[in-house]
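Undergrad: What follows is a single structure, and I will ask about it in a moment.
The values are calculated or read from the model by the stated rules, or taken from the named source; none is laboratory data. Because the structure is a prediction, the values reported are computed rather than measured. Note that we place each Cβ from the backbone using ideal geometry, even for glycine, and neighbour counts take in every protein chain shown. These area figures cover heavy atoms from the full protein model, side chains too; ligands, DNA and RNA do not enter into them. Shrake-Rupley method; radii C 1.70, N 1.55, O 1.52, S 1.80 Å.
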Amino acid sequence: MTEKQLTPEELETLKTLQTKTNQITLQFGQLYLSKNRLNEQEVQLKEILKDLEQEETTLAKSLSDKYGNGTLDLDTGKITLVEA
């Protein structure tokens with residue numbers, strides 16, 4: 001069996017390429033985890049928004065039942081009733 005030796009420059013180039021490949025692989029893993037965290041946050045925020053919308057709908061019905069149908073000025077708290 002015959003052996004040949006790479007030059008130090010060739011060996012260093014191969015090691016550098018391997019190190020860079022390992023770094024990129026690690027970055028892909030970190031990116032994957034970040035994407036999963038973002039997806040989880042998106043799901044949580046959508047659930048919170050859905051709950052807030054439901055709470056707003058419930059409050060609007062309650063206020064409408066109490067004061068009648070109209071438009072509300074959030075700055076003043078005054079309700080302008082709609083004539084039936």
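Undergrad: How much of residue 14 can a 1.4 Å solvent probe reach, expressed as accessible area in Å² and rounded to 10?
TA: Rounded to the nearest 10, the figure is 100 Å².
Undergrad: Related question: Under 18 Å Cα to Cα from residue 35, which lysines show up? Leave out anything in the same chain fewer than 8 places away.
TA: In chain and number order, the partners are 46.
Undergrad: When the Karplus curve 6.51 cos²θ - 1.76 cosθ + 1.60 is applied with θ = phi - 60°, which whole-Hz ³J(HN,Hα) does each residue of region 40-56 get, with x for Gly and Pro?
TA: For region 40-56, the Karplus curve yields 5, 5, 4, 4, 4, 5, 5, 5, 4, 4, 4, 5, 5, 5, 5, 4, 5 Hz.
Undergrad: For percent of Cα pairs over 19 Å apart, one of [x] 32; [y] 27; [z] 70 was computed from the structure I shared and the rest are decoys. Which label?
TA: Identified label for the calculated read-out: [z].
Undergrad: Related question: Given a 1.4 angstrom probe, I'd like the percentage of the accessible area of the chain that is carbon and sulfur, rounded to a whole number. Working shown, then result.
TA: On the way: 4810 of 8490 Å².
Using a 1.4 Å probe with all protein chains present, the chain comes out at 57 percent carbon and sulfur.
Undergrad: Under 19 Å Cα to Cα from residue 15, which lysines show up? Leave out anything in the same chain fewer than 8 places away.
TA: Within the straight-line cut-off, residue 15 pairs with 4.
Undergrad: Under 19 Å Cα to Cα from residue 66, which aspartates and glutamates show up? Leave out anything in the same chain fewer than 8 places away.
TA: Leaving aside aspartates and glutamates fewer than 8 places away in the same chain, those within reach of residue 66 are 55, 56, 83.
Undergrad: Per residue, how much accessible area does region 1-43 have with a 1.4 Å probe, in Å²? All intermediate terms of the calculation are to be shown ahead of the outcome.
TA: Values: 4420 Å² over 43 residues.
On a per-residue basis, 103 Å².
Undergrad: Between residue 38 and residue 24, what is the label-point separation in nm under the 7 Å Cα-to-beta-carbon projection?
TA: Reported label-point gap for residue 24 and residue 38 is 2.1 nm.
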